[in-house]
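Take a look at the structure set out below.
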Amino acid sequence: MRKVPTDRWLEIDIDAIKHNLEQVKSRLPEKVRLIAVVKADAYGHGAVAIANTLYQNGVDFFGVSFLDEALALRQARINSSIMLFTPLVHEEQVIRALEKRITVSITSPYDCHLLDVVSRRMNVKATVHLKVDTGLGRFGLNGDEAIEVCQTLQANSGIYIEGIYTHMAEAAANKKTYTRKQFNRFMNVIDELKRFGFKIPICHCANSAVFLKYPEMHLNAVRIGTLISGQLPAGKFVNKLELIDPYKFKSRVISLHTLDKGSCLGYNRTARLRKEAQIAVIPVGYNHGLAVQVANHPASWVDFLKRMTKSILAYFNLPRFTLKVKINGCEYPIRGKVFMQMALVEIPLKARVKIGDEVEVPVRKTLAAKNLNRTYLKSDKMEEQEQILYG
Ligand SMILES: *Cc1c(COP(=O)(O)O)cnc(C)c1O
């Protein structure tokens, strides 16, 4: 069957991923290992393609949240270390993880017991990292549990405790107090374990923000996702890296018509044209992740006020606060309510835009629809501009 073109697709620049990896490596001390985090489909870029690129460029350790993510990488013949950040609950999950040589996290006495029982029965080797909770309040062992777990696992000759790690709650924030407190708690747990005779080779606590801001916390490994995917963590940073965003959400103009000054736009008539203009329709709506926000509680009063101010300014259509798309290199604002599967774009009368023109849409990577076609762009010195489709 002939392939019918689609009006929504993602373009992922593989060279940008490589570039970002090199940037991270340039800050990585020699003895510090890189654990490349490719959870959530490599932050929307496509886990298998991104992991393959990283693997071919020397990355030998990956981190993901869930078992199915790890299995997908194995299926794609990524034979390096892959570690899981979340605990496994069912026996069958542990069996599958061990069969596929996935490095598991021990976050509680429950996990410890389950792994102990299953690995003895299967009579296989298992590699584990202990997860310590130092103040994120998600999951992890406390100091006493860490000792208890080490004692249990040491009695099992099939289990290798390769690592111990923790995760920071606000490393991107300006104030360093809490991050330092978490770090000290982590080091105390490690010291206490040493006193009990447990020396664990790989200690790690750095995500992208910690990696940039706290070189003294690199320890033996860093877990980096955000930087490789071309973004700085939210917050202020001095030691910036030169990163390239590899991600473009593309669509096309599917309709274009001129409307009079004063015309209403969209449901509930929330927008109205101040002058005659062209209205382009793009087939991208909130169903695809456009204008979708993560509805978290504001971090502070200041954060709350910032959000309020943004909403107010956006209400008055101030250019800096409206969503914009890019067509032929120029930016144009989205007007009116974003529809379920479409949105309206205001284009000045004189601008030259045609039906079928490509549109770059500001969809948040990790919230974009999962079923979009991804095109991976890769220019080699030999074959410049060649497009490689991984499917
Ligand atoms: C997502 C995640 C990371 C990576 O964090 P970035 O800030 O994206 O680099 C590291 N560790 C754990 C446990 C994570 O869940």
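Key figures for this structure:
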| item | result |
| --- | --- |
| Sequence-distant residues sharing a close amide H with Arg335 (under 5 Å, placed H) | Leu344, Val345, Glu346 |
| Whole-Å semi-axes of the ellipsoid equivalent to segment 238-391 (Cα gyration tensor, √5λ, descending) | 28, 24, 15 |
| Local electrostatic count, Thr107, Cβ distance below 12 Å [Lys/Arg +1, Asp/Glu -1] | -1 |
| Exceeding the 24 Å Cα-Cα cut-off - candidates Lys240/Lys337; Lys100/Lys378; Lys275/Lys324; Lys324/Lys354; Lys39/Lys248; Lys261/Lys310 | Lys240/Lys337; Lys100/Lys378; Lys261/Lys310 |
| Angle between the chain longest axis and helix 47-56 axis [Cα atoms, degrees, rounded to 10] | 60 |
| Only Lys, Arg (+1) and Asp, Glu (-1) charged, at Cβ; the chain dipole about Cα centre in debye | 1240 |
| Alpha-carbon Rg/Rh ratio, for the chain, with Rh computed the Kirkwood way | 1.04 |
| Given Lys25/Lys306; Lys31/Lys125; Lys350/Lys370, the pairs whose alpha carbons are separated by over 29 Å | Lys25/Lys306; Lys350/Lys370 |
| Charge sum, other residues only, whose C-beta stays under 11 Å from Phe211's C-beta, Lys/Arg counted +1 and Asp/Glu -1 | +3 |
| q = 0.20, 0.28 Å⁻¹, segment 62-101: log10 I(q)/I(0) [Debye, one scatterer per Cα] | -0.52, -1.01 |
| Inter-label distance for Lys310 and Asp7, nm, one decimal - labels placed 7 Å from Cα along Cα-to-Cβ | 2.9 |
| Relative contact order for the chain, counting Cα pairs under 8 Å that sit 6 or more residues apart, in percent | 18 |
| Reach of Lys250 by Cα under 16 Å, taken over aspartates and glutamates that are not fewer than 8 positions away in the same chain | Asp7, Glu11, Asp13, Glu331, Asp357, Glu358, Glu360 |
| Fraction of accessible area attributable to carbon and sulfur, the chain (%, probe 1.4 Å) | 51 |
| q = 0.12, 0.15, 0.18 Å⁻¹, segment 14-224: log10 I(q)/I(0) [Debye, one scatterer per Cα] | -0.61, -0.97, -1.35 |
| MRE, 222 nm, helices only [DSSP H, n ≥ 4, -39500 (n - 2.57), over the chain, to nearest 500] | -8500 deg cm²/dmol |
| Rounded tilt (10° steps) of 14-26 against the dominant C-alpha axis of the chain | 50 |
| Segment 144-258: relative contact order as a whole-number percent, Cα under 8 Å and 6+ apart | 23 |
| Among Val292, Ala97, Ala146 - extreme Cα towards positive end, dipole of the chain, charges at beta-carbon | Val292 |
| Cβ-placed point charges (K, R +1; D, E -1), dipole of segment 14-224 about Cα centre in debye, nearest 20 | 500 |
| At most 11 other Cβ within 10 Å, DSSP loop - trypsin sites (Lys or Arg not before Pro), segment 317-354 | Lys350, Arg352, Lys354 |
| Ordering of 18-25, 42-49 by burial proxy (mean other Cβ atoms within 10 Å per residue, highest first) | 42-49, 18-25 |
| Loop-resident sites, segment 277-329, for chymotrypsin sites (Phe, Trp or Tyr not before Pro), counting at most 14 other Cβ within 10 Å (DSSP) | Phe316 |
| Cα-based helix-to-principal-axis angle, 177-195 vs the chain, degrees rounded to 10 | 30 |
| Formal net charge of residues neighbouring Ile161 (Cβ-Cβ distance under 15 Å; K, R +1; D, E -1) | -2 |
| Where the chain is the region considered: accessible area per residue in Å², 1.4 Å probe | 54 |
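The values are calculated or read from the model by the stated rules, or taken from the named source; none is laboratory data. For clarity, every value in this text was computed on a predicted model and none was experimentally measured. Virtual Cβ from ideal backbone geometry, glycine too; neighbours counted across all protein chains shown. Quick note on the areas: whole protein, heavy atoms, side chains included, nothing else; ligands and nucleic acids left out. Shrake-Rupley method; radii C 1.70, N 1.55, O 1.52, S 1.80 Å.
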